[in-house]
Amino acid sequence: MIEEKLPFEKIERQVITKRESETDKRYGKRPEERTVKELLDYGVINLQKPEGPTSHQVSDYVQRILGIDKAGHSGTLEVIK
Amino acid sequence: MTGVLPVALGKSTKIVQALLIAGKEYVCLMHLHKEIQQSQIQKSAKELVGDIKQIPPRKSAVKRQERTRTVYYLNIYDIEGKDVLFKVGCQAGTYIRTICHNWGKKLGVGAHMAQLVRTKAGPFTDKDWTTLQDLKDAYEVYKEGNEEPLKKIILPVEKAVGHLPRILVLDTAVDTLCHGADLSTPGISKIHTNINKGDNVAVMTLKEELICLGISRMATEEMLKQEKGIAVTTERVFMDPGTYPKFVKKKD
């Protein structure tokens, strides 16, 4: 068996500080503090594409379910004929 | 075909660009056209790893021109008669259908792809995916006033760049980046190790919000040492200008 890791999963990274600094609480917010309303415009779903519809149709379903104007998928999973 | 399909919402849709070029993993069921000794299949599998040349299949969206792709790993899980189940990790844009076709040719019996499931797309895996039904249910619950289930399903856009090295910048550097400016070294607060010149990087605030994606112009060590110069050229901006205040450079 070959180790099942993509290149980025093999690189170990640490965080180094160049310049210590505080961030002002008044601006922005930590991603995990976003509300659903904010996530609907600035979020991503790790979706399991079902067999049958095209990738494009699936991202249309997502739009309709969530009542939003825009959704885009990454990388077409072709339909096997 | 089924599998991991990251879907980005609203103004974050262009984040899919970062995922298109990320590595992928698939589980594939290949059907051989004649039975052949298992040991031969096992042996030939080793030759499919590394740099391979492919011509995209007829029905693909790209030009049918030979190109090189890297297969990072390929492991056989099961062989039953003419059916071979395997898992493959590969560079973006690798055609598994073509791997099956060429593998069958190599074995001298012919083969085709019978089933395919994508199990990884960059940082997203089949371990924590969501079905359309789960999404529908969670949205109903949200409409009734409970946003917790939906909050577990819709991940912050930052999750989609989890495979990229990151650079965190000072509050004072954020707004100019939002306007599309490049990142210069004095704006850097924290930085990942092992960044090389030319890498795709995610530039973030100290609260770890995504500001923009860019290409590093220096390696980590140089970014730490230099007090002037461009560290990252900005490619795609995600954060709206005005999220952080505008800071005017003090004149000495």
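Coordinate-derived values only; no laboratory data. Since this is a predicted model, take the numbers as computed values, not measurements. Note: ideal-geometry Cβ built from the backbone for every residue, glycine included; neighbour counts use all protein chains shown.
Using every alpha carbon pair in the range A:23-81, what percent of pairs falls into each 5 Å bin from 0 up to the bin containing the largest distance?
Computed distribution, short to long bins: 4, 15, 23, 17, 14, 10, 8, 5, 2, 1, 1.
Build a GNM of chain A with springs between Cα atoms under 10 Å: which of A:Glu20, A:Glu38, A:Glu12 gets the top mean-square fluctuation?
A:Glu12
Tell me, what are the semi-axes, in whole angstrom and largest first, of the equivalent ellipsoid of the range B:83-139 as set by the roots of 5 times the Cα gyration tensor eigenvalues?
Largest first, the range B:83-139 gives 31, 13, 9 Å.
In nanometres, what is the gap between the two model label sites at B:Asn194 and B:Val62, each 7 Å from Cα along Cα-to-Cβ?
2.6 nm
Using Cα pairs closer than 8 Å and at least 6 residues apart in sequence, work out the relative contact order for the range B:164-237, in percent.
Working: 168 pairs, mean separation 27.9, N = 74.
Normalised by residue count, the contact order of the range B:164-237 is 38 percent.
Hey, got the dipole for the range B:164-237? About the Cα centre, +1 on K and R Cβ, -1 on D and E Cβ, debye to the nearest 20?
Charge dipole, the range B:164-237, about its Cα centre: 120 debye, nearest 20.
Would you mind calculating the relative contact order of chain B from Cα pairs under 8 angstrom and at least 6 residues apart, reporting the percent as a whole number? Please list the in-between numbers first.
Values: 487 pairs, mean separation 44.7, N = 252.
In percent, rounded to a whole number, it is 18.
For the residues B:Asp137, A:Asp24, what sequence is obtained by ranking on other C-beta atoms within 10 Å, fewest first? Show your work: numbers first, answer last.
Working: B:Asp137 15, A:Asp24 12.
Taking fewest neighbouring Cβ atoms as first place, the list is A:Asp24, B:Asp137.
Mean-square fluctuation check for chain B, GNM, Cα pairs under 10 Å: which of B:Thr130, B:Thr205, B:Thr234 is largest?
Comparing B:Thr130, B:Thr205, B:Thr234 in a Gaussian network model of chain B, the most mobile one is B:Thr130.
Select from B:Leu168, B:Leu177, B:Leu155 the residue whose mean-square fluctuation is largest in a Gaussian network model of chain B (Cα-Cα springs shorter than 10 Å).
Fluctuation is largest for B:Leu155.
How big is the range B:1-148 on each of its three principal axes, counting only the C-alpha atoms and giving the largest first in Å?
The Cα atoms of the range B:1-148 stretch 61, 34, 24 Å along their principal axes.
Past 31 Å, Cα to Cα: identify those pairs from B:Lys59/B:Lys136; A:Lys5/A:Lys49; B:Lys151/B:Lys197; B:Lys82/B:Lys120; B:Lys14/B:Lys82; B:Lys14/B:Lys46, in the order given. Before the final figure, lay out the partial values.
On the way: B:Lys59/B:Lys136 33 Å; A:Lys5/A:Lys49 22 Å; B:Lys151/B:Lys197 36 Å; B:Lys82/B:Lys120 26 Å; B:Lys14/B:Lys82 42 Å; B:Lys14/B:Lys46 37 Å.
Listed pairs above 31 Å: B:Lys59/B:Lys136; B:Lys151/B:Lys197; B:Lys14/B:Lys82; B:Lys14/B:Lys46.
Taking the Cα centre of the protein assembly as shown as origin, sum charge times position over the Cβ atoms of Lys and Arg (+1) and Asp and Glu (-1), and report the length of that vector in debye to the nearest 20.
1080 debye
Highest first, please rank the peptides B:6-18, A:43-55, B:71-83 by the mean number of other Cβ atoms sitting within 10 Å of their residues.
B:6-18, A:43-55, B:71-83
What is the percent of Cα-Cα separations in chain B that go past 24 Å?
Values: 18774 of 31626 pairs.
Pairs farther apart than 24 Å: 59 percent.
Per residue of A:57-69, what is the mean number of Cβ atoms on other protein chains within 10 angstrom of that residue's Cβ? Don't jump to the answer; show the numbers that get you there.
Values: counts 0, 3, 7, 0, 4, 7, 3, 1, 8, 10, 2, 2, 2.
Partner-chain Cβ atoms within 10 Å, mean over residues of A:57-69: 4.
Assuming 1.306 mPa s and 10 °C, estimate D for the range B:164-237 with Stokes-Einstein, Rh taken as the Kirkwood radius over Cα pairs, in µm²/s. Walk me through the numbers before you get to the answer.
On the way: Rh = 11.5 Å.
Calculated translational D: 138 µm²/s.
Where does the charge balance sit around B:His31 when Lys and Arg score +1, Asp and Glu -1, over other residues with C-beta under 10 Å from its C-beta? Walk me through the intermediate numbers first.
Numbers: positive: B:Lys82; negative: B:Asp83.
Surrounding charge for B:His31 is 0.
Could you give the size of the charge dipole of chain B about its Cα centre, using +1 on the Cβ of each K and R and -1 on the Cβ of each D and E, expressed in debye and rounded to the nearest 20? Present the calculation step by step, with values, prior to reporting the outcome.
Working: 38 positive and 29 negative charges, 221 e Å.
Here the size comes out at about 1060 debye.
Principal axis lengths of the protein assembly as shown from Cα atoms, whole Å, largest first?
Projected onto its principal axes, the Cα set of the protein assembly as shown covers 78, 52, 33 Å.
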